[in-house]
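Asker: This is the structure, below, for whatever I ask next.
Throughout, read-outs are computed from the coordinates displayed, never taken from laboratory work. Remember, it's a predicted structure, so these values are computed and weren't measured experimentally. Heads up, the Cβs are rebuilt from the backbone with ideal geometry, glycines too, and the neighbour counts pull from every protein chain shown.
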Amino acid sequence: MKSLQNIIFPKGSQPTEKEISNLLQQWTVEKKVKRFDYLIQKGTRESHLYFIKKGTMRIYYVSNDTEICVGFGYPNTLICSYPSFVSNRPSNYYIQALTDTELIGISRTDFYENIHRSWNLERHWREMTEQALLGRIEREIDLVTYAPKERLDRLLNRSPHLFQWIPNKYIASYLRMTPETLSRMLSKAKS
């Protein structure tokens, strides 16, 4: 739980021991998702926020019978269908395990009750959300303004660890290119 604590309470935060204890005690939903099974499917409501203890996942949606990857989860990160979690509406996304995955979760209700009781927690949740939004905006800029090679270079600089954990075909989808194009570009980069 120490790594979960570090995600929720990053360095420089000033939560009280009681705030830490109250929130961490509520992360009680142990979940195992087998490879290629789903954590959530389109049309269901996201009722939990999860911390990935082990394994990898992808977040995707389907458009014109094509799966389009929009994000990944890996050890020591939080994952959920965020729009559904926040709005309490059905998800437009799928979250699928790419490997056998172990998670621990907190219910939406318990999470928001803790957030609303603590200024520290609310501030840190807002800061985490702001950082995630900045990342999404940077990704949108990548997709609409950069050529495929530049998108790949920016991802390699920003998140090189993805290439160790995530199969290239999903990274290709994330970068909006074919797996063959990604493979060719990676081969050129290595030579």
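Asker: About the Cα centre of the chain, how large is the charge dipole given +1 on each Lys and Arg Cβ and -1 on each Asp and Glu Cβ? Please answer in debye to the nearest 20.
Answerer: Dipole magnitude for the chain comes out near 420 debye.
Asker: Can you bin segment 13-108 into rounded, prolate or oblate? Criterion: square roots of the alpha carbon gyration tensor eigenvalues sorted a ≥ b ≥ c, rounded for a/c under 1.5, prolate for a/b above b/c, oblate for the rest.
Answerer: It comes out prolate by the Cα gyration axes.
Asker: So how much slack lies between Asn92 and Phe163, counting 0.36 nm per residue of separation and subtracting their Cα-Cα distance, in nm?
Answerer: The Asn92-Phe163 span can extend by a further 23.0 nm.
Asker: Now for a separate question. With each label point set 7 Å from Cα along the Cα-Cβ vector, what nm distance links Ser21 and Arg176?
Answerer: My value for the distance between the label points is 5.0 nm.
Asker: Right, next: Under 11 Å from the Cβ of Asn88, count the other residues' Cβ atoms, weight Lys and Arg +1, Asp and Glu -1, and hand me the total.
Answerer: It works out to a net charge of +2.
Asker: So, in nm, how far is label Val29 from label Leu156 when the simple model puts each one 7 Å beyond its Cα toward the Cβ?
Answerer: Inter-label distance under the simple model: 3.9 nm.
Asker: Please list, in order along segment 116-122, the HN-Hα scalar couplings obtained from phi with the Karplus expression 6.51 cos²θ - 1.76 cosθ + 1.60 (θ = phi - 60°), rounded to whole Hz, x for Gly and Pro.
Answerer: So the J values, rounded to whole Hz, are 6, 8, 10, 4, 4, 5, 4.
Asker: What's the exposure ranking of His124, His161, going from fewest to most Cβ atoms within 10 Å?
Answerer: Fewest-to-most ranking of His124, His161: His161, His124.
Asker: Any chance you could check the Cα centroid distance between segment 22-88 and segment 91-121 for me, in angstrom?
Answerer: Rounded to whole Å, the Cα centres lie 8 Å apart.
Asker: Please work out how much length the chain gains when fully extended from Glu127 to Leu186, using 0.36 nm per residue of separation minus the C-alpha to C-alpha distance, in nm with one decimal.
Answerer: Gain in length upon complete extension: 17.8 nm.
Asker: Considering only DSSP beta bridges with both partners in the chain, what is the antiparallel share in %, to the nearest 5?
Answerer: That works out to approximately 100 percent antiparallel.
Asker: Taking the simple approach of a point 7 Å from Cα along Cα-to-Cβ for both Phe36 and Asp100, what is their distance in nm?
Answerer: 1.6
Asker: In which sequence would Met57, Met128 go, from the one with the fewest C-beta neighbours within 10 Å to the one with the most?
Answerer: So the ranking, lowest neighbour count to highest, is Met128, Met57.
Asker: Could I ask something else about it? Tell me, Ile106, Ile68, Ile20 in order of fewest to most beta-carbon neighbours within 10 Å?
Answerer: The fewest-first ordering by Cβ neighbours comes to Ile68, Ile20, Ile106.
Asker: Sticking with this one: Cut-off 10 angstrom, C-alpha nodes, Gaussian network model of the chain. Which of Asn64, Asn92, Asn76 fluctuates the most?
Answerer: Of Asn64, Asn92, Asn76, the Gaussian network model singles out Asn64 as fluctuating most.
Asker: How much length would be gained if the chain were fully extended between Ile137 and Val62, taking 0.36 nm per residue of separation minus their Cα-Cα distance, in nm to one decimal?
Answerer: 24.9 nm
Asker: I want the local charge near Ile141. Using Cβ-Cβ distances under 15 Å, sum +1 for each Lys or Arg and -1 for each Asp or Glu among the other residues.
Answerer: Neighbour charge sum, excluding Ile141 itself: +1.
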